[in-house]
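The values are calculated or read from the model by the stated rules, or taken from the named source; none is laboratory data. Predicted, not measured: the structure shown is a model, and the values here were computed from it. Neighbour counts run over all protein chains shown; Cβ positions are idealised from the backbone, glycine included. With ligands, DNA and RNA removed, areas are computed over all heavy atoms of the protein, side chains included. Shrake-Rupley method; radii C 1.70, N 1.55, O 1.52, S 1.80 Å.
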Amino acid sequence: MPLGAIGQLASGRSARETVEVLARTKCPLQPSAYGDGASEVIAVGAYRSEGAVLWVDRGFWRIAPVPIDFGYLTLRWDVQRAVQRELFFEIWSGGSAGARGYLALGITGHTAAMTLHAAPGASQMFAQRLGGEHVLLTGRKLPERRWGIDSNCCLPGGREWLWRWTLAGYTLIGERQARDSYYALNALLGAIDSGHAETASDVATRSAIAAAAAFFGPGHLWTYKPSPNASEQGQAELMRWSLLPGAEPIAAAAVRYEVARYEPAGPRAVITFERVGDGWLATDVRAGTLP
């Protein structure tokens, strides 16, 4: 990353003017500008291991190299934390993998310290602040198993990482895989496809496994329709982690899916999922359709 050249091009220019100049170069720098005046920020770099961040200190541009993991940076938030200004960036893949990580810088005057670099090998990641000190990252990083609906758009997410800000940088508090009703459905259908339905014992009761294996014939694809509350229960499941601060989400309620073989077309069944312990289980499989 040519930090010296980028700094010279930024000298005397605003963030947006600098981005316009950098965009005319032949280097694939993918620059972006944020803020105004003393709060201006520039992020530079795409599809290489290292990028750069520029910020304003007493009227002068400052620059620091940062890891970008062969993606590019987008600013999620710019907040004050104690004596530090925090710039929190998303590392975007630029493709169907969505966000793949996060980077936080603590700015104090002309110096920058990296307070977070989270690149856990996940995709479709999302970050949200919880209260004053916690940041929850979610994404897709699934365990190895057979999935019934395995296209990139439709695999389950639900991986969670909880970070807590401290003066010395972020600390990872915990990590888990949230098992919502869709996770359980997809795993159950995958177990049926594998010919070993019994491997779904973590997402379905013994009676539901037996009923599903008997009802659905062999095939290649599935079609499904969720009950209206499936989405809100899926979002609520992310917040039911005991480590999270704040109020409890909505109460758990049964979620149902109308499921059938798509290729070849087969009869329809309604599978009922209930929250048991810290995850969801298929508890009933019956012929029929949802309203």
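Before moving on, here are some points about what is shown:
- The one condition in (1) of a type outside the set (D, E, K, R); (2) open to solvent by 60 Å² or more (accessible area, probe 1.4 Å); (3) within 20 Å of Val44 (Cβ to Cβ) that Ser93 fails to fulfil: (2)
- Any hit, the stretch 124-133, residues being modelled with pLDDT under 95, over 28 Å from Gly279 (Cβ atoms) and open to solvent by less than 60 Å² (accessible area, probe 1.4 Å): yes
- Residue check for Pro291: part of a loop (DSSP other than H, G, I, E, B), over 23 Å from Arg140 (Cα atoms) and more than 29 Å from the chain's Cα centre (by Cα): yes
- Candidates Ser39, Ser32, Ser49 - the one that is open to solvent by 40 Å² or more (accessible area, probe 1.4 Å) and modelled with pLDDT of 95 or more: Ser39
- Members of the stretch 178-195 found to be open to solvent by 30 Å² or more (accessible area, probe 1.4 Å) and free of Cβ contacts under 8 Å to residues at least 40 places away in the same chain, listed by number: Gly195
- Filter result for Gly101 (free of Cβ contacts under 8 Å to residues at least 60 places away in the same chain and either open to solvent by 30 Å² or more (accessible area, probe 1.4 Å) or not in a strand (DSSP E or B) (or both)): no
- The set of residues from the stretch 68-90 being more than 13 Å from Val41 (Cβ to Cβ) and either without any contact (Cβ under 8 Å) to a residue 24 or more places away in the chain or polar (S, T, N, Q) (or both) comprises Phe70, Gln80, Gln84.
- Count of the stretch 79-95 residues which are under 27 Å from Gly157 (Cα atoms) and in contact with a strand residue (DSSP E or B) (Cβ under 8 Å, 6 or more places away or on another chain): 8
- If you go through the stretch 261-280 and keep only what is in contact with a strand residue (DSSP E or B) (Cβ under 6 Å, 6 or more places away or on another chain) and open to solvent by less than 40 Å² (accessible area, probe 1.4 Å), you end up with Gly266, Ala269, Val270, Ile271, Thr272, Phe273, Trp280.
- In the stretch 267-281, the residues that are of a type outside the set (Lys, Arg) form no Cβ pair under 6 Å with any partner that is modelled with pLDDT under 95 and open to solvent by less than 60 Å² (accessible area, probe 1.4 Å), whether six or more places apart or across chains.
- Meets criteria (surrounded by fewer than 20 Cβ atoms within 10 Å (Cβ to Cβ), over 23 Å from the mean Cα position of the chain (by Cα) and either hydrophobic (A, V, I, L, M, F, W, C) or not in a helix (DSSP H, G or I) (or both)) for Thr199: no
- Residue that is least open to solvent (accessible area, probe 1.4 Å), among those in the stretch 202-225 that are of a type in the set (Ser, Thr, Tyr) and part of a strand (DSSP E or B): Thr223
- Per-region count, the stretch 226-249, residues free of Cβ contacts under 8 Å to residues at least 60 places away in the same chain, open to solvent by less than 80 Å² (accessible area, probe 1.4 Å) and more than 19 Å from Ala282 (Cβ to Cβ): 2
- Scan of the stretch 118-172 for residues that are basic (Lys, Arg) and outside any loop (DSSP other than H, G, I, E, B), ordered by number: Arg129, Arg140, Arg159, Arg164
- The residue that is nearest to Pro28 (Cα to Cα), among those in the stretch 57-90 that are open to solvent by 30 Å² or more (accessible area, probe 1.4 Å) and in contact with a Lys or Arg (Cβ under 8 Å, 6 or more places away or on another chain), is Phe70.
- Of all residues making up the stretch 104-113, the number that are surrounded by fewer than 15 Cβ atoms within 10 Å (Cβ to Cβ) and among the hydrophobic types (A, V, I, L, M, F, W, C): 1
- Yes/no for Gly288 being within 29 Å of Glu160 (Cα to Cα) and at pLDDT 95 or above: no
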